[in-house]
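Student: Before I ask anything, here is the structure I am working with.
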Amino acid sequence: MTKIPIKGVVSSNDDAVIYNWLGMDCASPKQVEDALATNDGNVEVNIASGGGSVAAASEIYTMLKAYSGKVIVNIQGLAASAASVIAMAGDEINMSPTAQMMIHKASMYTAGNADDLNHDAKSLDVADQSIINAYEAKTGLGRDDLLQMMANETWMSAQDALDKGFVDNISTGSQQSQVVNAIATPMLNATAMDKIRTVLAQSKKPAPVKTVDNLQEKGKPTPSLRDQKLAILLGKDDE
């Protein structure tokens with residue numbers, strides 16, 4: 001049976017390139033699409049993620065719901081935020097007894113005038129309603145009740161999730177579980193993403209031809225890719 005990991009940040013396809021380059025776990029729609037394209041039987045989706053992009057999670061959820069085979073979801077550690085939406089795509093949803101699920105309202109970083117902020121607030125309301133669609137279809141709970149749970153940032157143990165209809169079973173088999181107490185998987189901000197894209201672009205350029213002149217140039221040596229990665233993550237790349 002094909003196993004599809006949803007681990008780390010739920011990201012767009014473009015951002016997944018950066019997370020992979022940094023050696024950070026992530027799950028993107030393209031990764032799921034590729035896994036489904038090479039399989040015609042049942043699939044297992046193993047989730048341990050604090051969430052990420054609402055749009056990417058929606059795309060993954062839609063692909064899994066449309067898949068012709070049976071989709072078995074195993075929540076192994078944390079299924080929070082956008083990752084909990086992906087979990088709702090399972091025909092059978094199993095949750096480790098040590099795992100947790102968290103649902104909350106969508107959020108974004110924003111700036112601008114009153115019109116901009118009002119527009120973004122309406123966009124977030126639409127995002128919340130789309131998320132509720134997934135929860136409602138699985139649990140049968142009322143939309144107002146689900147919205148209140150999201151507003152309260154509701155954390156659920158395996159038993160809580162089972163009682164409320166978010167999962168079908170509490171697993172007792174051989175799945176490896178993780179103890180989790182983090183609210184979300186760290187996501188890189190837009191500034192860090194832009195800096196990393198610059199470094200990636202530079203790394204793809206051909207090496208300069210060595211000449212007598214540039215061999216005699218004085219100054220700091222060009223840092224390795226590893227050092228550039230560390231500088232970006234530590235916020236020291238502008239020093």
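The values are calculated or read from the model by the stated rules, or taken from the named source; none is laboratory data. All figures in this text were calculated on a predicted structure; none of them were measured in a lab. Don't worry about glycine lacking a Cβ; one is built from the backbone with ideal geometry, like all the others, and counts go over all protein chains shown.
Student: Pick out, from the stretch 85-168, the helices (runs of 4 or more DSSP H) lying fully within it that include 1 or more residues that are in contact with a Lys or Arg (Cβ under 7 Å, 6 or more places away or on another chain), surrounded by 15 or more Cβ atoms within 10 Å (Cβ to Cβ) and of a type outside the set (Val, Ile, Thr).
Tutor: On the way: elements: 114-139, 143-151, 158-164.
In the stretch 85-168, the matching helices (runs of 4 or more DSSP H) lie at 114-139, 143-151.
Student: Show the residue pairs meeting these rules: Cβ distance below 8 Å; 6+ apart or different chains; first residue within the stretch 3-26 and free of Cβ contacts under 8 Å to residues at least 12 places away in the same chain; second residue outside any helix (DSSP H, G or I).
Tutor: Listed by first residue and then by second, the contacts come to 20/26.
Student: Exactly one of these conditions fails for residue 2: (1) within 14 Å of the chain's Cα centre (by Cα); (2) at pLDDT below 95; (3) over 26 Å from residue 155 (Cβ atoms). Give me its number.
Tutor: All conditions pass for residue 2, except number (1).
Student: Right, something else. Given the options 17, 43, 54, name the one that is hydrophobic (A, V, I, L, M, F, W, C) and under 22 Å from residue 107 (Cα atoms).
Tutor: 54
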